[in-house]
Structures are given as C-alpha cells and as structure tokens.
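Reading through the structure tokens given below for one structure.
The values are calculated or read from the model by the stated rules, or taken from the named source; none is laboratory data. Predicted, not measured: the structure shown is a model, and the values here were computed from it. FYI the Cβ positions are ideal-geometry reconstructions off the backbone, even for glycines, and counts take in every protein chain you see.
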Amino acid sequence: MGRRRIGSTAVELTELGFGAAVIGNLYKVTPAHDARAAVETAWQMGIRYFDTAPHYGLGLSERRLGAALRDRPRDAYVISSKVGRLLVPNEQPKGTDDEGFVVRDDLRRQWDFSRDGVLRSIEDSLERTGLDRLDIVYLHDPDDHWKQAADEAIPALAELRDQGVIGAIGAGMNQSAMLARFLRETAADVVMLAGRYTLLDQSALDDVLPAAEDLGKSVVAVGVFNSGLLSRDRPAEGMKYDYQAASPALVARARAIAEVCAAHGTTLPAAAIAFPFNHPAVINVSLGMRTTDQVVRNVELHRQHIPVALWDDLRARGLIRPDVPVAIGPERGTRCL
C-alpha cells in the first residue's frame, strides 16, 4: 500500500487509514474480539495508520487500539489521537453515554483547549493506549473554541512537535472553513477533513484544499461515504447523509453517480474512496472499520482500478464540480490535469 508524507514533516501515512471510532462502540456494541480482529486484519492487509480519540467510547477506542498494537514494532505504524475533550468523572451518570457510543457513562467529556488541558489529554491518551508516544495529535472539533484552540492548544502542540515528542499536529472538523484558518494562521501541519470533499460535497475546494496546496500542508479525508449514502453500490431511501436521513434529491443524485460508476466498470463506494485523492493535498483516506469483513471490503475497494474517464464523465454530467482536478497517481489508473 502506498505511503504519503504529511507536509514537511517526517510522518508518512499509508493511503488507507483505520478509523477506530467504531471499535469504541459507536452506535452499537462491537465485541472485543471483533475489534481486535479488525485491527489485526488491517495490519495484515498493509494498513499502518490508525486514528482514535478520547471521545470515541469514552476512552474505549484508545484502550482497544493500544492493546491491539502494543506488540507491533513501534516505528512500523502511525497512530493519531485528539485533544480538546478531557475525560473526567461523571458525578451524575445515567447508565449509558448519550453521545452516540454504547458504553457506560462513568466518565464525561469536558471541553478544554488550554495548554494544561492539551498536556493532560495527551498524558491520559498515552496511559489508555499503553504506548510510548502519539505520532499525530489533532484538535478535536474546536468549532466553538477558535481563540483558545489557536492561541493555546496549537502552540502547546507545536512545542511538543519541535521537541520531537509528536511528529505532526493539526485539527479535525466537519467544516472546512475553520480548517483552512488553522492551516493558514497557525503551525498546523495537517487537517482531518470530515465529509467536505466527497462525491456529494466538494465545498473544501473553496477553502481548505487550496490553503493546504498553497502552503505545502496536508489533508486526511474522512467521512467519504457521507454517513453511509455513498457506501453501497445502489443507494436506497432511508440512508443517512451527514448523520441525518438523506433527502430524496440527494438519494437521486447518489444513484445517478452510481450509474455512471457502473458504466465505467466500478462501483459507487470504490469511487467514493478514490475521489479525495484527485486533489494533491489529500494524502490519506481513513475509514471506520468495525469487523474483519469491513476491513477486507474497504481494502479491496481501495485497490480497485478507477478509470480516468469516470471523473470526466461525472464532470460532463454536472454530478461533480467542473473545477475538481484529477491528480491521482498513475497506479490508480488516472492522470494529472
């Protein structure tokens, strides 16, 4: 599996990454043996980038991922986690977490982008994972905390990076405008862009992608299935788009894209994974992988040949923006414009 470097850092990511939110019991319980097997299968299939966060299952994802990786050669993989949500004792538990994870709520999340909060969060993440370091640290959803995130959190992370404690720093969000600000106005090396550069939403072309390209920084793309609507060969009514029921118009558009994919000998989910790589700033696509079967499917989709004519056809039909570039390497069966 190919590797790409984060900006001017020494950190290299495999093109496909393992998103560990789902093994933190996102939406439903993932048995421990399934979580472990998913990480093991990802390793066997060449994935060497693993992303987690304290938020995911109130620490469960970090614990499971760390345990699964602990006996692997530490320099052979890259792991990222996030800061901004400290986990603190919950004095009024109700029994189950109310933020999408099926776990006990003995802990609660506390927003904190202060310098002390960042350092404490990293220390806690290292304790939960049992690892000696984090290779990448992102600010996690700092939408409502720009000033503290930019003035305190990023400088704290930059100091750790400059000391060699962390390899790369950045921010992860569901919006692209503020991510562009982090790239242009702070010491961030990389951003994790959720859902804003996909077959159904290319809004990142207006801000974060040109910022990354101008500055020689990097983008990790997540949410490329837009909460599920792009995850099947034939989208159906009732599927999710950005965590909500997809509108009939969006389902129709996804079906139209799927038909063009089929005409070019590929599938909608394969094209959805390949699509972000058409921009040179995108170095990785990370996908949630709950089971061995999901890992195998995702890797096989990533390996599919995507003909360059597909992107040309989608542009011509007005199904993707006319300014979408094609910069996927020749190994993916496409060309640069």
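What to note about this one:
- Residue that is farthest from E213 (Cα to Cα), among those in the stretch 285-329 that are outside any helix (DSSP H, G or I) and of a type in the set (D, E, K, R): R290
- Count - residues of the stretch 240-263 that are under 16 Å from A316 (Cα atoms) and touching an Asp or Glu at 6+ places or on another chain (Cβ under 7 Å): 2
- Contacts under 9 angstrom Cβ, first residue in the stretch 98-119 being within 11 Å of Q148 (Cβ to Cβ), partner in a loop (DSSP other than H, G, I, E, B) and modelled with pLDDT under 95, 6 or more apart: none
- In the stretch 71-121, the residues that are closer than 22 Å to M1 by Cβ and not small (G, A, S): D71, R72, P73, R74, D75, Y77, V78, I79
- Some residue of the stretch 111-134 being part of a strand (DSSP E or B), closer than 16 Å to T52 by Cβ and modelled with pLDDT of 95 or more: no
- Residue within the stretch 56-74 that is within 14 Å of the chain's Cα centre (by Cα) and buried (at least 22 other Cβ atoms within 10 Å of the Cβ) present: yes
- Conditions (1) part of a helix (DSSP H, G or I); (2) of a type outside the set (F, W, Y); (3) more than 30 Å from S8 (Cα to Cα); number of the one not met by T266: (1)
- Contacts under 7 angstrom Cβ, first residue in the stretch 253-282 being within 22 Å of L215 (Cα to Cα), partner in a helix (DSSP H, G or I) and of a type outside the set (D, E), 6 or more apart: F277/R332; N278/W311; H279/L209; A281/L209; A281/A212; V282/P276
- Any pair with Cβ under 7 angstrom, 6 or more apart, that starts in the stretch 29-56 at a residue that is of a type in the set (V, I, T) and ends at one that is surrounded by 24 or more Cβ atoms within 10 Å (Cβ to Cβ) and in a loop (DSSP other than H, G, I, E, B): T52/A20
- Checking A221 against (1) out of contact with any Pro (no Cβ under 7 Å at 6 or more places or on another chain); (2) at pLDDT 95 or above, the condition it does not meet: (1)
- Residue match in the stretch 319-328 (condition: modelled with pLDDT of 95 or more and either small (G, A, S) or within 30 Å of R64 (Cα to Cα) (or both)): no
- Scanning the stretch 194-253 for residues that are touching a helix residue (DSSP H, G or I) at 6+ places or on another chain (Cβ under 7 Å) and in a helix (DSSP H, G or I) gives V208, A211, A212, L215.
- The one condition in (1) under 18 Å from the mean Cα position of the chain (by Cα); (2) at pLDDT 95 or above that V88 fails to fulfil: (1)
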